[in-house]
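Before any comments, here is the structure.
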Amino acid sequence: MWRFLINLFKSEKTRLHIEEKNPMKKYLIVGLGNIGEKYENTRHNIGFKVLDYFAKKEDITFTTDKLGDVAAYKLKGRTFIFLKPSTYMNLSGKAVQYWLTKEKIPIENLLVITDDLNLPFGSIRLKTKGSDGGHNGLKDIQDKLNTTKYNRFRFGISDAFSKGRQVDYVLGEWTDEENSKLIERLEKSIELIKSFGLAGINNTMNTFNGK
């Protein structure tokens, strides 16, 4: 009897040790954008562009699945699920909610990548909560998740447009000057995403915000 209890205790210790040593953590990384070639290189599609760049660098393949294109990336015991919603920008929340539920990912492991007119071009700002700021994609995510407390990675596109030209600017393509600077910013974005999974949201904010 005693031998049985000792062996049981040993096996329990081993099991807990394995779980702590090899935790399987999952993260949903959502890039916001609009589907279709005409939107591919527009400012509003920076979320798609970041994930596409990441996929190219790491040789990851997206497959078309329910409500979006999806890819998986593993790094140091973490699993990153990349999602490019196919619902168009203003219905992004439906795809986010579906994949969070399907993959059983807690909302604190969600990161949404979006453009931001209020930040200078290429600026990075990571936040754990906030308003939608008039962004239709964020508004729908907020409505579907019923909370403003989710992580978002805002990529600055600046506000260099004249009065009444906001839509044309947001849906316009990057200038040659912007394109020449985008690669360095996309590289920084990859570092941020990896840090989000490995170091956590607070450390990542301290490291990347304003950089």
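No value in this document is a laboratory result; all are computed from the given coordinates. Quick caveat: nothing in here was measured; it's all calculated off a predicted structure. Reconstructed Cβ throughout: ideal geometry from the backbone, glycine too, with neighbour counts over all protein chains shown.
Brief remarks on what is shown
- Charged side chains reduced to their Cβ positions (Lys and Arg at +1, Asp and Glu at -1) give the chain a dipole of some 1120 debye around its Cα centre.
- A viscosity of 0.692 mPa s and a temperature of 37 °C, combined with the Kirkwood radius over C-alpha pairs in the Stokes-Einstein formula, give segment 23-208 a diffusion coefficient of 201 µm²/s.
- Of all DSSP bridge pairs formed entirely within the chain, close to 50 percent run antiparallel.
- Here segment 149-211 is treated with +1 on each Lys and Arg Cβ and -1 on each Asp and Glu Cβ, and its dipole about the Cα centre works out to around 440 debye.
- Segment 119-211 - percent relative contact order, Cα under 8 Å, separation 6 or more: 42
- Of the trypsin sites (Lys or Arg not before Pro) found in segment 85-184, those that fall in a DSSP loop while having at most 15 other beta-carbon atoms within 10 Å are Lys104, Lys129, Lys149, Lys163, Arg165.
- In segment 23-208, Cα pairs under 8 Å separated by at least six residues give a relative contact order of 25 percent.
- Cα shape, segment 136-211, gyration tensor, a/c 1.5 rule: oblate
- Gyration tensor (alpha-carbon) shape descriptor, segment 135-178, a/c threshold 1.5: prolate
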